[in-house]
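Trainee: This structure is in structure tokens; I'll ask about it shortly.
We did not get these values from a lab; they are worked out from the coordinates using the rules stated. In this text, all values refer to a predicted model and were calculated from it rather than measured experimentally. Cβ sites come from the backbone with ideal geometry, for glycine too, and all protein chains shown count toward neighbours.
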Amino acid sequence: MKALVTRLDSFGDVLLAGPAVRAVAARADHVTMLCGARGAPAARLLPGVDEVLVWEAPWGGFAPPDVSREDIDALVARIDADTALILTSFHQSPLPTALVLRLAGVRYIAADSVDYPGSLLDLRHQRAPHAHEAEAALDLAEAAGFPRPDDGRLRVHTPPPADTLTGPGPYVVLHPGASVPARAWSPERAAEAVRELAAAGHRVLVTGGPGERDLTAHVAGRHG
């Protein structure tokens, strides 16, 4: 069986899909993860993922691309799967993604959906109220015939040694950035945390992405 798991959100959302991906991988011969550019690095860390397809959907993200027939046709041509799980947050609809997967010839598609899916879904699953993202994804996978193969904890491939970047431990890592401001501390509060940690005797490493250099420099100050 060739399976596809899709989560078109951010890095953290894709990480939380990991336990469900492992459930699918336990039964499938090949697992493809379809995600956006922000989630692709996380997808490559997940055990059970054999291939990563990167695509920016015009119905998600902070700056969604315009709808392009050529772009969708190119994605449809790249998808090769018998079964698909569409993972979304509670406020998102899986149906646009399901339509694309149907056009790609995916025979069985499962997703949580509040809206009536017509012929777009083979399994219209109901998400439990207030379910954690990882648990909701596992529930969907189990309903689609992929029972939990392990304890369901978050796991990633062991990263390479970072000593050349960080120097010797011990140290505390503070990552002040987030995909949306509501999920992050203010820069001032993060900088205060760095100062307090340094004053308590800790060595503090401040991390960030390529677009967060100004933020990390401000937060680190003279102490990080």
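Trainee: Between region 73-93 and region 9-23, what's the alpha-carbon centroid distance in Å?
Mentor: Using only Cα atoms to place each centre, the spacing works out to 14 Å.
Trainee: Given labels modelled 7 Å from the Cα in the Cβ direction, how far is it in nm from Ser89 to Val76?
Mentor: 2.9
Trainee: When a footprinting reagent is the concern and you count Cβ atoms within 10 Å, what order do Ser68, Ser93, Ser113 take, fewest first?
Mentor: Values: Ser68 10, Ser93 16, Ser113 21.
Least crowded to most crowded, the residues run Ser68, Ser93, Ser113.
Trainee: Also: Report, in degrees rounded to the nearest 10, the 0 to 90 angle that the Cα long axis of helix 133-143 makes with the longest principal axis of the chain.
Mentor: Helix 133-143 and the main axis of the chain meet at about 20 degrees.
Trainee: Further, regarding this structure: Any idea what the relative contact order of region 163-220 is, in percent, if you count C-alpha pairs under 8 Å spaced at least 6 apart? Mind dumping the intermediate values first?
Mentor: Numbers: 58 pairs, mean separation 25.6, N = 58.
The normalised contact order for region 163-220 reaches 44 percent.
Trainee: Another one. For Arg107, Arg69, what's the fewest-to-most ordering of other Cβ within 10 Å of each Cβ? Could the numbers behind the result be given before it?
Mentor: Working: Arg107 11, Arg69 7.
Least to most surrounded, the residues fall as Arg69, Arg107.
Trainee: Of Met1, Met33, how do they rank once you tally other Cβ atoms within 10 Å and put the fewest first? Mind showing how you got there, number by number?
Mentor: Values: Met1 13, Met33 27.
Final ranking by Cβ density, sparse to dense: Met1, Met33.
Trainee: OK, next. Note the per residue figure in Å³ for the convex hull of the C-alpha positions in the chain.
Mentor: So the per-residue Cα hull volume is 149 Å³.
Trainee: Provide the per-residue ³J(HN,Hα) series for region 73-84, in order, calculated from phi with Karplus coefficients 6.51, -1.76, 1.60 and θ = phi - 60°, each as a whole number of Hz, with x at glycine and proline positions.
Mentor: 4, 5, 5, 4, 5, 8, 6, 9, 8, 8, 10, 9
Trainee: Any idea what angle helix 187-199 forms with the longest principal axis of the chain, computed on alpha-carbon atoms, 0 to 90 degrees, nearest 10?
Mentor: With rounding to tens, the tilt is 50 degrees.
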